[in-house]
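Everything below concerns the one structure shown next.
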Amino acid sequence: MPDLFTPLQLGPLTLPNRLAMAPLTRNRSTPEGVPGPLNVEYYRQRASAGLLISEATCIAPSAIGYPLTPGIWNEAQVAGWRTVTGAVHAAGGRIYCQLWHVGRISHPSLQVDGQLPVAPSALRPTGDAVTYQGMQPYVTPRALETAELPGIVEQFRHAAALALAAGFDGVEVHAANGYLLDEFLRDGSNHRSDAYGGSVDNRARLLLEVLAAVCPVWGADRVGVRLSPLQPFNDMRDSNPQGTFSRVVELLNPFGLAYLHLTEMGKDAPGAAGPYFDPLALRDIWKGVLMTNAGYDRDRANAVLAAGRADLVAFGVPFIANPDLPARYQANAPLNTPDPTTFYGGAERGYTDYPSLEAA
Ligand code: PHB
């Protein structure tokens, strides 16, 4: 029976262990979205993960929804990321780039010329945007015209090509957590009447077109996708999460992707994002490698792997506080205590200064 320390073949990559570092927004890029030396050190410290997934990385200026998040749409960003991937590889690691368009989870002050954020439908999410001027209420987004959707697909393709140039090992298409592609998938945020709204097949169309554009850049076996069927964050819901995501997963199967990454977020608030189901039921539909996430510790991760309900587990908060998380889990050693006040923004403190077991 596999555990966290059983190697895993992920497309052409052999992962030495089954701990992934989850994509984690840390808001420590430059205002231009260029990773720098501090980010290099952070990822380098965590290179013992079976797979690192980068923090969510904006595919275009209009894809930005938070201050100081990195981008992957221009050459300066590619050069910055190349220093990150080079350091990770020199330390023996592997790193995917998570490709992100925030959709309506943005604010005019973060957009070029103060434009409205874009979304499938002009539905304002409840809550506040994080802006350079502090928290400000979300605005009603502008619904994308059908004729604009090829442009969104092209932004993902272009970002995927730049991620390849930047030396990543693959890309994860972010279709979770209430951002643009997830906003199309779920019927709480998609009220369209064109070929991209209505049936699940229609709501999945944009994601499938993005994958059809990204896979030829990388080879499908270096492309992952992240879904969050029960995530209520960002005012998300669906009238039938199990029906919607079962069909989405069926539609994903033919691509032969490197992995499907589920976050089980929302599982502990049954019904907040729609009628409850067990997200790991999707395991029985998905034909490839399954990564799961949200609140796992060593013992629960080993149990889900041993039961064959997942192949890989992504850890978020434990990796923030423990750069050498695999070694700690392997030795059953104590963990550092995470400091939530330094999760989003700041500098070294709470980012690159958590001690390794060796240093401690
Ligand atoms: C966040 O910045 O709060 C954030 C970003 C990406 C996610 C979830 C949360 O998928």
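The values are calculated or read from the model by the stated rules, or taken from the named source; none is laboratory data. Because the structure is a prediction, the values reported are computed rather than measured. Please note: Cβ atoms are built from the backbone with ideal geometry, for glycine as well, and neighbour counts cover all protein chains shown.
Restricting the first residue to segment 130-149 and requiring it to be in contact (Cβ under 8 Å) with a residue 24 or more places away in the chain and farther than 22 Å from PRO120 by Cβ, which pairs with a second residue that is hydroxyl-bearing (Ser, Thr, Tyr) and part of a strand (DSSP E or B) meet a Cβ separation below 6 Å and a spacing of at least six or different chains?
The qualifying pairs do not exist here.
Based on this model, can you work out whether PRO67 counts as closer than 19 Å to ALA129 by Cα and modelled with pLDDT of 95 or more? Show your work before the answer.
On the way: closer than 19 Å to ALA129 by Cα: yes; modelled with pLDDT of 95 or more: yes.
So PRO67 fits the description; yes.
Considering only segment 102-125, state which residues are in contact with a helix residue (DSSP H, G or I) (Cβ under 8 Å, 6 or more places away or on another chain) and outside any loop (DSSP other than H, G, I, E, B).
PRO108, VAL112, GLY114, VAL118, ALA119 - these are the residues of segment 102-125 that are in contact with a helix residue (DSSP H, G or I) (Cβ under 8 Å, 6 or more places away or on another chain) and outside any loop (DSSP other than H, G, I, E, B).
In segment 163-177, how many residues are under 8 Å from the mean Cα position of the chain (by Cα) and either more than 22 Å from ASN234 (Cβ to Cβ) or away from the ligand (no atom under 11 Å from the Cβ) (or both)? Write out each step before concluding.
Initially, segment 163-177 is screened for residues under 8 Å from the mean Cα position of the chain (by Cα), giving 172-176.
The next check asks that each one be either more than 22 Å from ASN234 (Cβ to Cβ) or away from the ligand (no atom under 11 Å from the Cβ) (or both); those that pass are 173.
Residues that pass the stated criteria total 1.
Okay, residues lined up against (1) exposed (fewer than 15 other Cβ atoms within 10 Å of the Cβ); (2) of a type in the set (Asp, Glu); (3) touching a Pro at 6+ places or on another chain (Cβ under 9 Å); (4) outside any loop (DSSP other than H, G, I, E, B):
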| position | (1), (2), (3), (4) |
| --- | --- |
| GLY308 | yes, no, yes, no |
| ALA314 | no, no, yes, yes |
| GLN330 | no, no, no, yes |
| ALA347 | yes, no, no, no |
| THR352 | no, no, yes, no |
| PRO355 | yes, no, yes, no |
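Regarding VAL214, is this residue buried (at least 24 other Cβ atoms within 10 Å of the Cβ) and within 16 Å of the ligand (Cβ to nearest atom)?
On the way: buried (at least 24 other Cβ atoms within 10 Å of the Cβ): yes; within 16 Å of the ligand (Cβ to nearest atom): no.
No: the conditions fail for VAL214.
Pairs please, first residue from segment 167-185 and more than 18 Å from GLY266 (Cα to Cα) and touching a residue at least 40 places away in the same chain (Cβ under 8 Å), second anywhere and among the polar types (S, T, N, Q) and assigned to a loop (DSSP other than H, G, I, E, B), Cβ atoms under 9 Å, 6+ apart in sequence or on different chains.
Listed by first residue and then by second, the contacts come to PHE168/SER54; GLU172/SER54; PHE184/ASN190.
Across segment 35-66, what is the total count of residues that are under 21 Å from VAL317 (Cβ atoms), within 12 Å of the ligand (Cβ to nearest atom) and touching a Phe, Trp or Tyr at 6+ places or on another chain (Cβ under 7 Å)?
Count: 4.
Please find, among VAL153, VAL173, VAL210, VAL248, the residue that is in a strand (DSSP E or B) and hydrophobic (A, V, I, L, M, F, W, C). Please lay out each step first, then the result.
Working: VAL153 fails: in a strand (DSSP E or B); VAL210 fails: in a strand (DSSP E or B); VAL248 fails: in a strand (DSSP E or B).
Matching residue, one of VAL153, VAL173, VAL210, VAL248: VAL173.
Can you find, within segment 67-101, the residue that is nearest to the ligand (Cβ to nearest atom) among those that are among the small types (Gly, Ala, Ser) and assigned to a helix (DSSP H, G or I)?
Filtering segment 67-101 for residues among the small types (Gly, Ala, Ser) gives 71, 76, 79-80, 86-87, 90-93.
Those still in the list that are assigned to a helix (DSSP H, G or I) too: 76, 79-80, 86-87, 90.
Details: ALA76: 22, ALA79: 24, GLY80: 19, GLY86: 25, ALA87: 23, ALA90: 27 Å.
The extreme case among them is GLY80.
Mind checking which pairs have a first residue in segment 62-74 that is at positive phi and a second that is part of a loop (DSSP other than H, G, I, E, B) and at pLDDT 95 or above, Cβ under 7 Å, 6 or more apart or different chains?
From segment 62-74, the pairs are LEU68/ASN27; LEU68/ARG28; LEU68/SER29; LEU68/PRO31; LEU68/GLY345.
Starting from segment 77-101, keep only residues that are within 22 Å of THR14 (Cα to Cα) and β-branched (Val, Ile, Thr), then list their pairs with residues that are assigned to a strand (DSSP E or B) and within 16 Å of the ligand (Cβ to nearest atom) whose Cβ atoms are within a distance under 7 Å, requiring at least 6 positions of separation or different chains.
Partner pairs satisfying both residue conditions: VAL88/LEU52; ILE95/LEU52.
With respect to the numbered conditions (1) more than 16 Å from the ligand (Cβ to nearest atom); (2) touching a Phe, Trp or Tyr at 6+ places or on another chain (Cβ under 7 Å), which one is the sole condition not fulfilled by VAL118?
Of everything listed in (1) more than 16 Å from the ligand (Cβ to nearest atom); (2) touching a Phe, Trp or Tyr at 6+ places or on another chain (Cβ under 7 Å), VAL118 misses just condition (2).
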